[in-house]
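Read through the structure below, which is laid out as structure tokens, and then see the notes.
FYI, it's all coordinate maths here, none of it is from the lab. Quick caveat: nothing in here was measured; it's all calculated off a predicted structure. Positions of Cβ are backbone-derived with ideal geometry, glycine not excepted, and every protein chain shown enters the neighbour counts.
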Amino acid sequence: MTFLSISPEAQGMLTFWVSLTELLFFANLLRSVQIGEKRSNARSIVMCTAGLVFVQILFQQMDGVMHCPVVMPLWTLVLVILLLTCIACMEQYRLAVWNRTHISASSIKEALDFLPTGLCFALPEGLPLLVNETMERLSRLLFETPLSDACAMWEALRSGQGKGCIKDGSEPIYEMPDGKVYAFRREEMNLAEGTAYAVIAADITEEYARTGELEEKQKIAAVMNARLKSLLGTIEYVAMSKELLQLKTAMHDNLGRSLLTARRYLQSPEAVDPKEMLSVWKRNLSHLIEETPEEWQIPYYVTKKEAASLGIDLQIIGDLPEEEALLPVLDLAVSTHMINVLRHADGHTAVIETSESEEAYRICFTNDGTAPAGKIRETGGLGTLRRQVELIGGRMEISTVPRFEMNLVLPKNTQNRKEETWAGKP
């Protein structure tokens with residue numbers, strides 16, 4: 001039994017089998033050329049040529065165009081086809097083993113494609129030499145186009161033209177739609193063939209998140225530091241007030257002794273030395289008549305000292321009110337303004353401008369920091385300040401466009417109005 005004696009269907013199956021074997025030989029040839037295995041190239045070429053001739057012979061015998069048909073027993077034909085198939089499979093396996101155990105251009109490209117870091121090696125004119133899958137994916141996410149010009153892509157990255165730009169410049173940073181953050185940089189490489197450039201995209205998602213957390217903690221620490229410094233100033237003020245109270249108590253005792261001495265002099269003039277009594281009275285009265293306030297007793301002394309300790313340039317344009325009833329409210333307003341400048345506006349200068357009319361004082365608070373992004377929620381210091389201002393009959397106005405501005409309108413003669421109210425007057 002020969003190939004020509006079997007049915008056309010069986011001839012077609014054998015021919016199809018040989019064709020698949022030939023395709024496998026051709027694939028092995030391409031693979032060996034790709035990985036650069038020279039010895040396999042020659043074997044693959046020989047086997048590919050032999051398989052192609054064998055396929056052509058079978059096709060011509062099926063079509064009846066071969067004048068001298070090759071007569072071969074069917075079992076011999078099947079063994080030859082099976083042998084060719086085994087050789088093709090063994091060659092493919094050997095190429096796979098060689099690829100796993102040797103470094104080739106193909107293995108380097110596959111390794112680069114598995115890297116989470118984006119890589120692009122290009123000529124100075126921008127022609128890409130090697131681009132891994134990560135960089136190709138980033139190019140499509142940022143610019144919605146494949147990477148065809150490395151120079152154009154780098155200039156677009158530097159100028160912040162990509163989507164999700166966080167920082168531009170020589171080391172741009174971008175956030176991808178999936179939340180990952182990449183930092184880009186370009187390096188120059190001197191090769192034997194000339195100069196080339198490498199654009200590298202490093203995944204810094206975790207580092208960027210840690211940096212954000214650290215900045216937030218630094219802001220909280222700055223606020224806590226500001227509050228501690230404010231508390232220290234308050235403690236200093238309380239200590240000074242305590243010393244003043246002790247001085248007033250001592251003066252009260254001295255005046256009491258002076259009054260007792262004067263009473264004894266009126267009852268028994270001979271029992272008291274008039275010169276000594278007059279000297280004691282002069283000393284006590286001199287403290288009452290010629291008393292000048294100490295530096296720390298001047299209004300807003302602690303507040304100004306607190307501003308200097310926080311590193312804020314407190315500029316006061318005009319004279320702040322010195323009415324005793326307004327001092328606590330203004331102290332709270334200035335302290336709240338300084339803390340907000342430091343915490344929210346990231347500024348260094350707090351400006352307070354005052355003006356007055358016959359009925360009220362108007363105090364305007366501004367700063368050199370960044371303007372608020374939206375409407376301000378009056379919580380914490382601002383909420384407490386508004387309650388204190390309204391409690392003494394004033395009003396508080398806040399605007400954020402084009403910059404932050406807080407205006408306080410405080411009534412004059414607040415203490416007199418309170419006394420009139422307590423006395424039952426309208």
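Any idea how far apart Val97 and Ala221 come out in nm if each label point goes 7 Å out from Cα toward Cβ?
6.0
Give the peptides 213-223, 75-85 in descending order of average Cβ contacts within 10 Å, highest first.
The most tightly packed comes first, giving 75-85, 213-223.
Taking 0.36 nm per residue of sequence separation and subtracting the Cα-Cα distance, how much length would be gained by fully extending the chain between Arg263 and Ile204, in nm to one decimal?
Numbers: separation 59, 0.36 × 59 = 21.24 nm, distance 8.74 nm.
Extra length from Arg263 to Ile204 when fully extended: 12.5 nm.
So for the range 112-203, Kirkwood radius off the Cα pairs, Stokes-Einstein at 20 °C and 1.002 mPa s: how many µm² s⁻¹? Intermediate values should be presented prior to the final figure.
On the way: Rh = 13.0 Å.
It diffuses with D of about 165 µm²/s by this estimate.
Give the cross-link partners of Lys109 among the aspartates and glutamates, using a straight C-alpha distance below 12 Å as the criterion and excluding same-chain residues fewer than 8 apart.
Cross-link targets: Glu133.
By counting other Cβ atoms within 10 Å of each Cβ, how are Val55, Val46 ranked from fewest to most? Working shown, then result.
Details: Val55 17, Val46 12.
In order of increasing Cβ crowding within 10 Å: Val46, Val55.
For the residue pair Lys304 and Arg185, what label-to-label distance in nm results when each label sits 7 Å from Cα along the Cα-to-beta-carbon direction?
4.9
What full-extension length gain, to one decimal in nm, is calculated for Ser357 and Leu52 as 0.36 nm per residue of separation minus the Cα-Cα distance?
99.1 nm
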